[in-house]
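Only the coordinates and a few stated rules stand behind these numbers; no lab work does. Please read all numbers here as calculations on a predicted model, not as lab measurements. All Cβ positions, even for glycine, are placed from backbone atoms using ideal geometry, and neighbour counts span all protein chains on display.
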Ligand code: FES
């Protein structure tokens, strides 16, 4: 499957220890800027009941869903035990010199995942 590199904005547009969202096809993606400065991107929808993960609290590399507190690993997308499930994650590339953030997406990936999560 073809990989598409998409410019999604600048690092400064994401608050330190905060998040912002972007829309790609039918999927909303949350970009999280961790306390160490790393940026991770995941599908912005909890696999439990659709909680908006960008509104959750981040501890280390885990986001706590704001609805029922499931913990989801922002690196792997895996829900932590005792709960189960997974969300889509997207490789992030940062151009440190220009301060720009890129996502790597598989062509058609966003549409496929949106259908799977419906
Ligand atoms: S919707 Fe996320 S834990 Fe329930």
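For residue 98, indicate whether it is surrounded by 15 or more Cβ atoms within 10 Å (Cβ to Cβ) and either more than 14 Å from the ligand (Cβ to nearest atom) or assigned to a loop (DSSP other than H, G, I, E, B) (or both). Spell out the reasoning first.
On the way: surrounded by 15 or more Cβ atoms within 10 Å (Cβ to Cβ): no; either more than 14 Å from the ligand (Cβ to nearest atom) or assigned to a loop (DSSP other than H, G, I, E, B) (or both): yes.
The answer is no for residue 98.
When residues in the range 66-109 are screened for being in contact with a helix residue (DSSP H, G or I) (Cβ under 6 Å, 6 or more places away or on another chain) and over 25 Å from residue 10 (Cβ atoms), 1 of them pass. Of all residues in the range 61-95, those that are assigned to a loop (DSSP other than H, G, I, E, B) and either over 13 Å from the mean Cα position of the chain (by Cα) or closer than 14 Å to residue 48 by Cα (or both) total 15.
Scanning the range 42-51 for residues that are more than 9 Å from the ligand (Cβ to nearest atom) and free of Cβ contacts under 8 Å to residues at least 60 places away in the same chain yields 42, 44.
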